[in-house]
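K.L.:
Sharing a structure here in structure tokens format.
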Amino acid sequence: MRKFMTAAISAVTAAAMLVPTAAFAEETTEAESVVTEPTKITFIFADGDEGFKQTMNTLVGEFNDKYPDITIEVQPGNGGSYSEFLKTKDSVGEFPDLMEQRDTAMYVRAGKLLELPEEITSLVSSTMEFDGKVYAVPMAGENTDGIYYNKKYFDENGLEEPTTYDEFIELCQKIQDLGDMSPLVVGGQDIWHMGFWFNKAYDDQVISQDPDFIEHCYDGTKDFSDDTFRAAFEELKEIMQYAQDGWTSTPDAQITTFLVNNMSAMLFSGTHMINTIEQADPDFELGWFPIPSPDGKLRLVGGAGVGGWAISAADAEDPNKVAAAEEFLKFFYEPDNYKFYCESMNAIPVSAEVPDLDVDPILQEVVDATQTADSLSPMWNGKSGNNELPPDFRNFTYKTLIEYLQGTKDLDQACSDINATWQVAVQSFNPVTGVGIDTAE
């Protein structure tokens, strides 16, 4: 959720530096010991976003003060690729005791993660299971996507939030006809940015008809020439005609600039954009709405994803390390601490005991939408089991999508190329047949 929050870092950092005194005004009281001797555990997380880094360092500091016989040592990743950083740590024998986990399925198969007990999994409202076992608990709900828009511009031109997909397309056309800014800004230079839009159309057209489409591609009963998959590409072609000129060369980091400088009226992204937009222009009048599916349903990204906090399986040999790591997770989800985390990160709570949040009104709209949506699910590349994607298949699909939208490939060629890449990928990874997924257990 945070890897996209790099815009306006200096502003984020300045704000974050005020966090410790504001969040924990009272002196910390030492807690009863949960270990039999002084214990140190290593902890790593994706620290590329300064706001998240400061928030987590603050929580760790408070925990260390509360538990003087436990030391959590944060090992910095220096803002680089987190997946590569964790792989490097593993390769040199420095796999952490406690970690943020993104490639959970891969590390579960490698036998690197500890199965979490009910005492920990019960702290959250939902989890992702692997063969009935839980190895990671989510930090927050999946990053719910929606349209962030220029509310002042909408009010001045009598534009209203759409309540159906057709009304959304009509709204885009009205803005285009006004001629003073593009209806949408799209950061297509960063290929992962296309995942927001792709997942929306994929849920609309594919998942609405077959929640196990990927599994059926693995077992050979379906492929990417399926009418539903083609319909997802066609839906995106209808939408992308309203993107700004040169959208394929616009990086995600610039989409906020387009919005706050009256170059584009709307952008589609996750809740991480709320802070970024408000920091770019505190006076900007921001609005938000979700885009319904063409069939009238509201399908949103949300709930527990495949990633979250995890504990090293090697710690099973040291009960004190397990106790220390589990105690930090309990500390993290305590209402006051979790409230601090969610408010700092504009995160959607997933704790079993939901804290009373004082959040941005826009985030509250998002939270309300997730509570009334017809379905909530992770991104298509964030699923486990027989619906887990092969490595790198996601990015090839996005690349091919861009080629189709640019007109360098027609739909038949795009689907054919995706099928060909899939056939190669499943030779080394197929959870249905078991190829490439042998566990270390």
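K.L.:
Just one of the numbered conditions (1) within 30 Å of residue 133 (Cβ to Cβ); (2) open to solvent by 10 Å² or more (accessible area, probe 1.4 Å); (3) in contact with a helix residue (DSSP H, G or I) (Cβ under 9 Å, 6 or more places away or on another chain); (4) modelled with pLDDT under 95 is not true of residue 275; which one?
P.N.:
Just one mismatch for residue 275, condition (1).
K.L.:
Here's a follow-up. Name the single residue, out of those in the range 78-94 being farther than 17 Å from residue 314 by Cβ and outside any helix (DSSP H, G or I), that is nearest to the chain's Cα centre (by Cα).
P.N.:
81
K.L.:
Another question, then. Which condition from (1) within 20 Å of residue 369 (Cα to Cα); (2) assigned to a loop (DSSP other than H, G, I, E, B) is the one that residue 128 breaks?
P.N.:
Single failed check for residue 128: (1).
Per-residue answers, yes or no, for (1) outside any helix (DSSP H, G or I); (2) over 30 Å from residue 422 (Cβ atoms); (3) touching a residue at least 60 places away in the same chain (Cβ under 8 Å); (4) touching a Gly at 6+ places or on another chain (Cβ under 7 Å):
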site	(1), (2), (3), (4)
139	yes, yes, yes, yes
143	yes, no, yes, yes
175	no, yes, yes, no
198	no, no, yes, no
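K.L.:
Among the residues of the range 72-111, how many are out of contact with any strand residue (DSSP E or B) (no Cβ under 8 Å at 6 or more places or on another chain) and modelled with pLDDT under 90?
P.N.:
Summing the residues that are out of contact with any strand residue (DSSP E or B) (no Cβ under 8 Å at 6 or more places or on another chain) and modelled with pLDDT under 90 in the range 72-111 gives 10.
K.L.:
What do you reckon, is residue 283 among the charged types (D, E, K, R) and either surrounded by fewer than 19 Cβ atoms within 10 Å (Cβ to Cβ) or in a loop (DSSP other than H, G, I, E, B) (or both)?
P.N.:
Yes: the conditions hold for residue 283.
K.L.:
For the range 256-268, does any single residue satisfy the condition of being touching a residue at least 40 places away in the same chain (Cβ under 8 Å) and on the phi > 0 side of the Ramachandran plot?
P.N.:
There is at least one residue in the range 256-268 that is touching a residue at least 40 places away in the same chain (Cβ under 8 Å) and on the phi > 0 side of the Ramachandran plot.
K.L.:
Hey, another quick one. Of all residues in the range 364-385, count the ones that are open to solvent by less than 70 Å² (accessible area, probe 1.4 Å) and in contact with a strand residue (DSSP E or B) (Cβ under 9 Å, 6 or more places away or on another chain).
P.N.:
12
K.L.:
Restricting attention to the range 193-220, report how many residues are under 23 Å from residue 250 (Cα atoms) and out of contact with any helix residue (DSSP H, G or I) (no Cβ under 7 Å at 6 or more places or on another chain).
P.N.:
The total comes to 2.
K.L.:
Moving on. Of the residues 245, 223, 210, 203, only one is assigned to a loop (DSSP other than H, G, I, E, B), at pLDDT 95 or above and touching a strand residue (DSSP E or B) at 6+ places or on another chain (Cβ under 8 Å); which?
P.N.:
Just a single option satisfies the conditions, and that option is 245.
Here is a yes/no grid of residues against (1) open to solvent by 10 Å² or more (accessible area, probe 1.4 Å); (2) assigned to a helix (DSSP H, G or I); (3) of a type in the set (Lys, Arg):
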{"site": "230", "(1), (2), (3)": "yes, yes, yes"}
{"site": "254", "(1), (2), (3)": "yes, yes, no"}
{"site": "288", "(1), (2), (3)": "no, no, no"}
{"site": "306", "(1), (2), (3)": "yes, no, no"}
{"site": "314", "(1), (2), (3)": "yes, yes, no"}
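K.L.:
May I pose another question? Scan the range 321-348 for residues that are open to solvent by less than 30 Å² (accessible area, probe 1.4 Å), in contact with a strand residue (DSSP E or B) (Cβ under 8 Å, 6 or more places away or on another chain) and closer than 24 Å to residue 275 by Cβ and report the count.
P.N.:
Result for the range 321-348: 3.
K.L.:
Moving to a separate point now. Hey, can you tell me all the residues within the range 298-320 that are in contact with a strand residue (DSSP E or B) (Cβ under 8 Å, 6 or more places away or on another chain) and within 13 Å of residue 96 (Cα to Cα)?
P.N.:
Passing the criteria: 309, 310, 311, 312, 313, 315.
K.L.:
Quick one: which of 421, 397, 433 is more than 15 Å from residue 198 (Cβ to Cβ) and either open to solvent by less than 60 Å² (accessible area, probe 1.4 Å) or free of Cβ contacts under 8 Å to residues at least 24 places away in the same chain (or both)?
P.N.:
421
K.L.:
Inspect all residues belonging to the range 95-104 and state whether any of them is farther than 25 Å from residue 366 by Cα, in a helix (DSSP H, G or I) and not hydroxyl-bearing (Ser, Thr, Tyr).
P.N.:
No, the conditions are met nowhere in the range 95-104.
So that you can scan it fast, the table gives a plain yes or no per residue for (1) touching a Phe, Trp or Tyr at 6+ places or on another chain (Cβ under 9 Å); (2) under 20 Å from residue 114 (Cβ atoms):
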site	(1), (2)
38	no, no
43	yes, yes
48	yes, no
56	yes, no
89	yes, yes
92	no, no
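The values are calculated or read from the model by the stated rules, or taken from the named source; none is laboratory data. What you see is a predicted model, and the numbers here were worked out from it, not measured in a lab. Cβ sites come from the backbone with ideal geometry, for glycine too, and all protein chains shown count toward neighbours. Ligands, DNA and RNA are stripped out before the accessible areas are found, and what is left, the full protein with its side chains, is counted by its heavy atoms. Shrake-Rupley method; radii C 1.70, N 1.55, O 1.52, S 1.80 Å.
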